[in-house]
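Q: Here it is, the structure in full.
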Amino acid sequence: MRLSRRVSIPVALGVGAAALYYGYEQRTAQSTSAAFAPDVSPVSQALSGGQGRSYSTATTPVSPTHNPSSLPAVPETVPESVRKALIVEQGQLFTAQIPADQPISKETDFSGRKVLEMLTPEQASAKLRTNEESYLVGRGEGVVRYDVVQIPSNDPIEDDHIEKIVEVPNTTAAASDGKTSSDWMFWGVFDGHSGWTTSAKLRQTLVSYVARELNSTYKSALQDPKLTTPSADAVDAAIKKGFTKLDNEIVHESVAKVLKAQSKVVAAEILAPALSGSCALLSFYDSRSKELRVACTGDSRAVLGRRGSSGKWTATALSVDQTGGTPSEDARLRAEHPGEPHVTMNGRILGGLEPSRAFGDAIYKWSAETQEKMKRNFFGRNASKYLKTPPYVTAEPVVTRTQIEPANGDFVVMATDGLWEMLTNEEVVGLVGQWLETQASDSKASSTGWLTSWFNSSQKASSLPIEHHDQGDGSGQRAPIRQQQWGVPSGKDQRFVTEDKNAATHLVRNALGGKDKDMLSALLTLPSPYSRRYRDDLTVQVIFFGEGQGSGRVELNKEASATAANGNGPKAKL
């Protein structure tokens, strides 16, 4: 989640130059100079922050006009006697070669140079797969599989996620085809900011709050002999009520508890989810109706992939990014707060927070009196000088409905904004389509049972199997800003690869570089907090719908789950 004001990358890197210094211990000036020969990879152009001057990676400074693009690129295969290094200097990133036996030490001077040993492609892949999970869903209720991956940039990661299946008896929701029960399936991604506590709170409680409201709504409908299910609007209202009830507990009930306890120890724990914040994207699939609802609070995004008669896939956004720069959100806020010209500034609420809807973020919701009381007695922050008529931020989601077609092999990608900063909706759907074709081809020689016949492809396309068409008003969808930052040409399908068994990991790999292994390694080498200048936390879920077998089980898919190797994989969530 981006909280700070937008600044140019060269300026940002200049400001952060004194934050963290890594270097290789210099044994002699001669050996060090030889170690950092000016052999620079094209990653310098890909990750350069702008049109500023570029510098050599040699120890002795050269002319500031020295252009790395004129230097020979590092070969793909590096001799065993040397290793690749990532060098950060004067607002630029470069790769170079270093002796394999040269030790790493912390450099404490203010030379402005930071050197990190570059991850190898194998190490980069291992890091990508560290937190991947995949589940095969044998419930026979329209979902056959879902894949998840997380890549941290903050330390600790501020994102969180949840996947949960609730078996609902027909005394609560009338089941179809004579079944005694149906499934409610939930998937959620939570993009935290100013800390991890709010997103963790959502992981622990949001599904329970929403399921409780849905349970009450469905039961009420069964009491009416004219109804078997609640109205669509009633279901939407139940989801919204679950969201707003939880946020009220986080933001307002916490104040009452803290004032009653009069303890800073209690306040530190209770107020943490209120003072930090989180976006929330929650999908609710009712297996009886085959209807998917997506509730969006903030700027995470859900996109549907559906295969057309041509065999290619179409991408349809199931949510709209909610920021101060979204025209519909800006208009809503100005209507709710007339006469307040600073309600949004530079696409941010009161000039500070980018999401216009979020959990927590109490400084945009508490009254000035409450904020002063929290600041004076506990752990509050200064109120904005523009604060007049709070709340300015709401947790109430916008809910969309989509009829899923399991027989067509629909899939949905849900991700925090870190992914959408790097890839377009069509690229994401096309990449999953490409991944499916590869899996279908590989499954001909294996026993992969979850892939049904409609995934099969007689030939693998050389470009992404996506139909490009006008999706209507795209004002709520932001462009992938990282492609501009890294200088990646849009629409170049040839930059993508298919190497992973986990579909979510496949998306993240291609978002971070794809075939450009130097870029992938460089982006994964950078430590926190420096990495936040180039990539956000990433959480991605890919849900596959289909006509699977009804074994009743949800099983860990070991070949696409990193934790399966040690025998301590997560248990299926039912």
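Values in this text are rule-based calculations from the coordinates and carry no lab data. Quick caveat, the model's predicted, so the values are computed rather than measured. Using ideal geometry, Cβ is built from the backbone for each residue, glycine included, and neighbour counts are taken over all protein chains shown.
Q: How big is the shadow of the Cα convex hull of segment 195-235, averaged over all directions, in nm²?
A: 3.3
Q: Suppose R0 equals 60 Å. What FRET efficiency, 1/(1 + (r/R0)^6) with r the Cβ-Cβ distance, do Glu122 and Lys226 give to the nearest 0.05? Show your work: numbers first, answer last.
A: Details: r = 63 Å, r/R0 = 1.05.
E(calc), rounded to 0.05, equals 0.45.
Q: Something else now. Based on the alpha-carbon gyration tensor of segment 257-307 and its eigenvalue square roots a ≥ b ≥ c, which shape applies: rounded if a/c is under 1.5, prolate if not and a/b is larger than b/c, or oblate?
A: On the way: a/c = 6.18, a/b = 2.83, b/c = 2.18.
Taking the square roots of the gyration eigenvalues as a ≥ b ≥ c, segment 257-307 is prolate.
Q: I need the phi-derived Karplus couplings for segment 293-300: 6.51 cos²θ - 1.76 cosθ + 1.60, θ = phi - 60°, integer Hz, Gly and Pro marked x.
A: 3J(HN,Hα) across segment 293-300, in whole Hz: 10, 10, 9, 10, 10, x, 10, 6.
Q: Next question, about the same structure. Arranged from highest to lowest average of other beta-carbon atoms within 10 Å per residue, in what order do the peptides 352-362, 404-414 appear? The partial results should precede the final answer.
A: Values: 352-362: 26.6, 404-414: 21.1.
Descending mean neighbour count gives 352-362, 404-414.
Q: Still on this structure: Using only C-alpha positions, report the orientation-averaged shadow area of the convex hull of segment 336-396, nm², one decimal. Mind showing how you got there, number by number?
A: Details: hull surface 16.5 nm².
Mean projected area of the Cα convex hull: 4.1 nm².
Q: Rounded, prolate or oblate for segment 114-164? Axes are the square roots of the Cα gyration tensor eigenvalues, ordered a ≥ b ≥ c, and the cut-off for rounded is a/c under 1.5.
A: Numbers: a/c = 6.20, a/b = 2.13, b/c = 2.92.
Here segment 114-164 falls in the oblate category.
Q: Could you give me the percent of Cα pairs per 10 Å distance bin for segment 117-230, shortest bin first, beginning at zero and ending with the bin that holds the maximum distance?
A: 12, 30, 28, 18, 9, 3, 1
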